[in-house]
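Below is one structure, written out as structure tokens; the observations come after it.
The values are calculated or read from the model by the stated rules, or taken from the named source; none is laboratory data. This is a predicted model, so every value here is computed, not measured. Every residue, glycine among them, receives a Cβ derived from its backbone with ideal geometry; neighbour counts consider all protein chains shown. When the accessible area is computed, the model is the full protein with side chains, heavy atoms only, and any ligands, DNA or RNA have been set aside. Shrake-Rupley method; radii C 1.70, N 1.55, O 1.52, S 1.80 Å.
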Amino acid sequence: MTERFGIKECRIKDIVTVCVMAAFFLGFFIWCLFKPADEASDSERRKLATMPAFSLSSVLSGKFMQDFESYTTDQFPLRNGFRTIKSYTAFYLLGQRDVGGIYLRDGYASKLEYPLNTDSLDNAAAKFERIYDKYLSGKNVNIYLSVIPDKNYFLAGQNGYPVMDYDRLVSYLREKTGYMQYIDIFDCLELSDYYRTDTHWRQEKIADVAGKLGEGMGVTLSGEYTAKLLDTPFYGVYYGQSALPLPPEELYYLDSDIIASCRVYDYEVNAETVVYDMEKARGRDPYEIFLAGPKSLMRIENPAGPSDRRLIVFRDSFGSSIAPLLIEGYGEIILADIRYLSSDMLGGFIDFDNSDVLFLYSTLVLNNSVTLK
């Protein structure tokens, strides 16, 4: 009798367990159906997948189910909470050295960049040579190249992570761009010059880098700035990608009378703007305080600078924070980002004659140059 009662009790427990789990999954399913879709993830700084349009062709090709899977993954309720649990489990319970390429060492978060992609370097060199042939050859220009190491250069190999051959990257690119004078800034940088939770360098740490670039291009920079603290805590891109509650950082920007007097023109919106955009400081990515973030084409005019000196910088996002430190030596700086603007269109906006031209790119972009147009 007791044995039968025990069997019956176990069956009831099993039924209750199944019912609870079914209710749990049914609840999440209903929540998924009626939850408004989020447009973007602030922590990951990217747009989230939206519900794909249904069509017979998309179903037959498999594209609908592929896009629908991305949609359900991005729009799952409590997604960020589950991502945090997953990261905690992977890093601290299972002892994984990285999660999705993100790793934490010496108080810094970074993402593995490995191996060296020579095909990407070939592509970048071909893009640069096309610009040279189309706009610079035969002109009165001085052409320079400088490579910005990402922080894995200082962090990955020292902590036992795979690291690409940075010396090979530089030498390979220099071989492909013999028409440029190379300015080496690697020896001006160290790990503490980078944000702990972001890819970028800290502007208050790179006045010496600006000085080295200026020296290489024949201009003298005083390096006299006032460091000002942004009143917004800074959470870098790896804060969101790691899904861990990493501590915020302080973001400083360097100001001076010369920088404050500069006029900035944004070709995307055909309007004047400012060197330091305080509205961006309160947005998704406070690093966009520097020249309003990713912009295809901008012009900085320095009324106090030498009118006969012009600088054209082909750059990525690292260039946004160092350009204000170079303006002292020039009457005008033009910043072109060919990730967002086709190089074939440049001639309609830029007069290249009588200029210094600097190709300033991070190893992150050079090793993934498919983004260059």
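Cα-Cα over 30 Å: which of Lys151/Lys295; Lys280/Lys373; Lys176/Lys228; Lys63/Lys86; Lys176/Lys373; Lys111/Lys205? Don't skip to the answer; put the middle values down first.
Values: Lys151/Lys295 23 Å; Lys280/Lys373 26 Å; Lys176/Lys228 40 Å; Lys63/Lys86 28 Å; Lys176/Lys373 18 Å; Lys111/Lys205 22 Å.
Lys176/Lys228, as the Cα separations exceed 30 Å there.
Annotation: per residue accessible area for segment 181-283 equals 48 Å², rounded to a whole number [probe 1.4 Å, protein chains only]. Segment 148-181 and segment 261-339 have Cα centres lying 26 Å from one another. Over segment 156-273, Cα pairs under 8 Å with separation of 6+ residues give a relative contact order of 20 percent. Across segment 245-373, C-alpha contacts under 8 Å between residues 6 or more apart give a mean separation that, scaled by the residue count, equals a relative contact order of 23 percent.
Which order do the peptides 283-295, 341-353, 120-132 take when ranked by the mean count of other beta-carbon atoms within 10 Å per residue, highest first?
Working: 283-295: 19.8, 341-353: 13.8, 120-132: 18.1.
For the peptides 283-295, 341-353, 120-132, the packing ranking is 283-295, 120-132, 341-353.
Projecting the Cα atoms of Gly95, Tyr114, Ser137 onto the charge dipole of segment 83-140, computed from C-beta unit charges around the Cα centre, puts Gly95 farthest toward the positive end. Working from the Cα coordinates of segment 300-373, the gyration tensor eigenvalues give, after taking √(5λ), semi-axes of 23, 15, 9 Å in decreasing order.
In order along segment 329-343, the Karplus-derived 3J(HN,Hα) couplings, from 6.51 cos²θ - 1.76 cosθ + 1.60 at θ = phi - 60°, round to x, 9, x, 7, 10, 10, 10, 10, 10, 7, 6, 10, 9, 4, 5 Hz, and Gly and Pro are given as x.
Specify whether the C-alpha gyration tensor of segment 244-350 places it in the rounded, prolate or oblate class, a ≥ b ≥ c being the square roots of the eigenvalues: rounded for a/c under 1.5, otherwise prolate if a/b is larger than b/c and oblate if not.
On the way: a/c = 2.04, a/b = 1.31, b/c = 1.56.
It is oblate, given that a/c is not under 1.5 and a/b is not larger than b/c.
Under the shape rule built on the C-alpha gyration tensor, where the axes satisfy a ≥ b ≥ c, segment 161-292 is oblate, since a/c reaches at least 1.5 while a/b does not exceed b/c. Each of the peptides 324-335, 98-109, 208-219 was scored by the mean count of other Cβ atoms within 10 Å over its residues; in descending order, highest first, they stand as 324-335, 208-219, 98-109. Residues whose amide H comes within less than 5 Å of that of Asn142, counting only those at least five positions distant or on another chain, are Ser355, Asp356, Val357 (H built at 1.01 Å from N in the peptide plane).
The apolar share of the surface of segment 191-308, taken as the fraction of accessible area on carbon and sulfur atoms (1.4 Å probe, ligands and nucleic acids excluded), comes to 47 percent.
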